[in-house]
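**Q** Just dropping this structure here.
The values are calculated or read from the model by the stated rules, or taken from the named source; none is laboratory data. This one's a predicted model, so the numbers in the text were calculated from it and none came from an experiment. Here the Cβ positions follow ideal geometry from the backbone for every residue, glycine too, while neighbour counts run over all protein chains shown. These accessible areas exclude ligands, DNA and RNA; they are computed on the full protein's heavy atoms, side chains included. Shrake-Rupley method; radii C 1.70, N 1.55, O 1.52, S 1.80 Å.
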Amino acid sequence: MSDTIFALSTAPARSGVAVIRISGNSAEDLLLRVFRSKHPMKNREMTLGTLVSPDGRALDRCLAVVFRGSASYTGEPSAELHLHGSPAVISAALDALGRAGGRPAAAGEFTRRAFLNGKLDLAEAEAVGELIAAETREAAENAAAMLSGALGRMLKPAYDAIIDLCANLAAEVDYPDDDIEPLTAPRALDTLFHVEHLLENTLDRSDRARAFTEGVRTAIVGAPNAGKSTLFNAILGERRAIVTDTPGTTRDLLRERATLGGVPLLLTDTAGLRDAENEAERIGVQLAREEAAAAELVLLVLDGSREPTPDDCAAPENLSTAAHTVVILNKSDLGVNPKAREVAPDFLHVELSATSGDLSPLEQAVRSLYDAGGLRFDGTLLTNARQRAACSSALDSVRSAIDALRSGLPTDLALTDAERAASRIGELFGRGAAEDVIDRVFANFCVGK
Ligand code: GDP
């Protein structure tokens with residue numbers, strides 16, 4: 001018998017409505033100790049009533065609902081209180097529930113109970129957290145689809161095929177002389193090749209999708225006065241960074257989320273890359289270098305209307321580690337100096353005027369670097385390190401099993417690899433995942449989920 005837990009599930013802030021969740025065998029009893037209504041409560045129907053303190057004072061006029069039996073989010077009797085979202089009312093309600101015998105829920109405890117009661121598999125539980133944390137439309141779309149079991153549906157046939165294969169291999173190992181139909185290597189290999197392809201494809205799609213689900217870490221760098229802050233503001237569509245004619249005005253890093261050519265960016269405006277004239281600027285330049293080194297995409301801005309300076313020419317040296325770099329010859333409204341076109345010739349160049357606000361050449365360039373072509377955010381993309389690690393280790397084991405079968409090694413070697421692959425694939429969607437893996441998943445949740 002589980003004890004009865006409760007927690008605020010909406011944000012702890014002043015709001016129109018606040019929802020407190022209650023779950024456990026005595027959920028309805030607990031609710032009825034703090035909530036009075038004129039009519040008896042019906043299963044899954046909102047009832048209007050009064051929230052009362054332990055000494056019978058009315059605290060709020062509010063709604064409540066009960067979910068009897070196992071037809072609830074957590075898979076056990078549950079209830080919800082829908083209060084007015086006043087911090088005073090919320091804290092009085094939580095206090096009343098505690099005094100009435102409930103226990104404040106731990107982080108992620110509702111979803112953990114849903115998992116333990118078989119309402120969600122592990123990937124679906126993670127999808128709950130990811131849906132709430134999603135920062136891009138694509139991430140939300142994928143998490144929502146994963147929440148309804150898309151990853152499990154894709155992997156389950158592969159999991160079952162490998163389990164069958166293991167059973168056959170095990171029979172061959174255990175009863176070599178029996179009349180068991182031998183699992184010929186070609187048939188086993190067919191299964192393994194099929195699973196190998198599925199896992200490779202899943203990892204590859206997930207990698208390509210990361211730009212869209214997490215956002216591309218992007219740094220705007222370049223010499224002072226090239227127009228970095230103007231470009232930053234133009235991408236955001238608002239005035240965020242200060243634009244002046246005085247070189248060296250941006251010293252702190254400014255970070256914002258933005259979308260460019262349909263690609264979500266985690267955008268940082270940096271100080272100009274040059275020999276700094278004072279301490280504050282020197283730190284700014286150092287931060288800019290570090291940011292450029294850590295970025296996946298660097299937008300190197302030059303004043304393309306004039307001859308490149310030594311600062312302009314030196315800038316590419318800071319960028320060698322970024323996955324992609326786009327050289328932007330800015331101020332094209334003042335004409336483009338042919339020498340500017342020769343800076344960093346190995347990188348993609350675009351010519352534009354940040355003050356004009358027309359960023360279409362840059363949008364096209366970014367779109368060409370991060371191609372969503374064919375990617376579907378259908379809940380079968382791996383979205384966290386746990387899933388990626390399980391998938392690539394499953395892939396390693398499948399490949400070892402293939403090698404073992406191909407080189408005619410004893411069957412038990414292939415069997416060990418195939419079993420390991422099955423267990424890692426199962427773990428991906430929560431079958432037989434070790435307790436510490438489960439603990440880690442729910443440790444990332446906050447209270448109320
Ligand atoms: P930063 O130091 O690289 O951040 O450069 P700013 O964005 O502060 O811009 C420096 C100066 O260049 C400002 O006076 C801007 O108005 C001007 N500027 C920026 N972009 C353009 C452009 O596309 N065309 C023209 N003509 N001036 C620009």
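**Q** Examine segment 417-439 for a residue that is farther than 30 Å from LEU120 by Cβ and of a type outside the set (Asp, Glu), and state whether such a residue exists.
**A** no
**Q** Additional query: Being of a type in the set (Phe, Trp, Tyr) and under 9 Å from LEU97 (Cα atoms) is the filter here, so list the residues in segment 5-35 that pass it.
**A** Hit for segment 5-35 is PHE6, nothing else.
**Q** For SER397, state whether it is polar (S, T, N, Q), open to solvent by 20 Å² or more (accessible area, probe 1.4 Å) and touching a residue at least 24 places away in the same chain (Cβ under 8 Å).
**A** no
**Q** Please specify each residue of segment 49-76 satisfying the condition of being under 30 Å from SER148 (Cβ atoms), in contact with a strand residue (DSSP E or B) (Cβ under 7 Å, 6 or more places away or on another chain) and open to solvent by 30 Å² or more (accessible area, probe 1.4 Å).
**A** LEU63, PHE67, ARG68
**Q** Condition first: modelled with pLDDT under 90 and open to solvent by 20 Å² or more (accessible area, probe 1.4 Å). Now tell me which residues in segment 131-147 satisfy that.
**A** Those that are modelled with pLDDT under 90 and open to solvent by 20 Å² or more (accessible area, probe 1.4 Å): ILE132, ALA133, ALA134, GLU135, ARG137, GLU138.
**Q** While we're looking at this one, here's another question. Could you check how many residues of segment 425-449 are in a helix (DSSP H, G or I) and open to solvent by 60 Å² or more (accessible area, probe 1.4 Å)?
**A** Total satisfying the criteria: 5.
**Q** Scan segment 395-449 for residues that are touching a strand residue (DSSP E or B) at 6+ places or on another chain (Cβ under 9 Å) and basic (Lys, Arg) and jot them down.
**A** Across segment 395-449, the qualifying residue is only LYS449.
**Q** Every residue in segment 83-93 that is in contact (Cβ under 8 Å) with a residue 60 or more places away in the chain and surrounded by fewer than 19 Cβ atoms within 10 Å (Cβ to Cβ), please.
**A** HIS84, GLY85, SER86, PRO87, VAL89
**Q** Can I ask one more? Which of the residues that make up segment 99-123 are assigned to a helix (DSSP H, G or I), more than 21 Å from GLY69 (Cβ to Cβ) and open to solvent by 30 Å² or more (accessible area, probe 1.4 Å)?
**A** Within segment 99-123, the first condition is being assigned to a helix (DSSP H, G or I), and the residues that meet it are 99, 109-116, 122-123.
Filter once more, so that each one left must be more than 21 Å from GLY69 (Cβ to Cβ): 99, 122-123.
Across segment 99-123, the qualifying residue is only ARG99.
**Q** Please go through segment 349-371 and pick out each residue that is open to solvent by 40 Å² or more (accessible area, probe 1.4 Å), in contact (Cβ under 8 Å) with a residue 24 or more places away in the chain and either touching a strand residue (DSSP E or B) at 6+ places or on another chain (Cβ under 8 Å) or part of a helix (DSSP H, G or I) (or both).
**A** GLU351, THR355, GLU363, GLN364, ARG367, LEU369
Quick grid of which residues meet (1) among the polar types (S, T, N, Q); (2) farther than 22 Å from CYS446 by Cβ:
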| residue | (1), (2) |
| --- | --- |
| LYS38 | no, yes |
| LYS42 | no, yes |
| ARG57 | no, yes |
| SER72 | yes, no |
| LEU83 | no, no |
| VAL89 | no, no |
| ALA107 | no, no |
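**Q** If we keep just the residues of segment 190-221 that are charged (D, E, K, R) and touching a residue at least 60 places away in the same chain (Cβ under 8 Å), which is nearest to the ligand (Cβ to nearest atom)?
**A** Across segment 190-221, the extreme among qualifying residues is ARG217.
**Q** Among the listed residues ARG376, ARG420, identify the single one that is within 30 Å of ALA114 (Cα to Cα), touching a Ser or Thr at 6+ places or on another chain (Cβ under 8 Å) and not assigned by TED's automatic domain parsing to the domain that holds PHE232. Let's see the steps before the verdict.
**A** On the way: ARG376 fails: touching a Ser or Thr at 6+ places or on another chain (Cβ under 8 Å).
When all the criteria are applied, what remains is ARG420.
**Q** Okay, next question. Any residue in segment 149-160 that is more than 23 Å from the chain's Cα centre (by Cα), assigned to a helix (DSSP H, G or I) and crowded, with 19+ Cβ neighbours inside 10 Å?
**A** For segment 149-160, residues more than 23 Å from the chain's Cα centre (by Cα), assigned to a helix (DSSP H, G or I) and crowded, with 19+ Cβ neighbours inside 10 Å: present.
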